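As structure tokens, the structure follows; a few thoughts come after it.
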Amino acid sequence: MAESKKVLITLPESLLSEVDYLASLDNKDRSQFIGEAMQHYLQERKRTEFNTKMIQGYSKMAEINQKISEEWLEAENEAMDLWASKE
């Protein structure tokens, strides 16, 4: 298990009450609950950042693929015109 370090944080009383309540439902102490909540938040944030980068990448690739498709269509049309003129 990773080494633990004691930290001091300040939370609104209503939030702390809710944390304590939910922690008790899971039979966890406050530190365990907050640690797991922070870990969950970090995982979700990484997932969101990854998804954003994937969307940006796919959008960029869509632009590139569109340009390639247009260039090939133009070349294909020229080839078809040449073929049709030889008939």
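Every number here is computed from the coordinates shown, using simple stated rules; none is lab data. Fair warning: this is a prediction, and the values are worked out from it, not measured in the lab. So basically every Cβ, Gly included, is an ideal-geometry build from the backbone, and we count neighbours across all protein chains shown.
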What nm distance separates the two modelled labels at residue 9 and residue 69, each placed 7 Å from Cα along Cα→Cβ?
4.7 nm
Report the one residue of 85, 51, 37 whose Cα lies farthest in the direction of the positive end of the charge dipole of the chain (charges on C-beta: Lys and Arg +1, Asp and Glu -1; origin at the Cα centre).
37
Computed about the Cα centre, the charge dipole of the chain from +1 Lys/Arg and -1 Asp/Glu charges at the Cβ has a magnitude in debye, to the nearest 20, of 680 debye
Take the Cα coordinates of the chain, assign each an equal point scatterer, and use the Debye formula without solvent to give log10 I(q)/I(0) at q = 0.16, 0.20, 0.26 Å⁻¹.
-0.84, -1.00, -1.21
Explain nothing, just compute: Karplus ³J(HN,Hα) = 6.51 cos²θ - 1.76 cosθ + 1.60, θ = phi - 60°, for every residue of the stretch 66-81 in order, whole Hz, x for Gly and Pro.
5, 5, 4, 4, 5, 5, 5, 4, 4, 5, 5, 4, 4, 5, 5, 4
Once both axes come from the Cα atoms, what is the angle between helix 13-25 and the longest principal axis of the chain, in degrees from 0 to 90, rounded to 10?
90 degrees
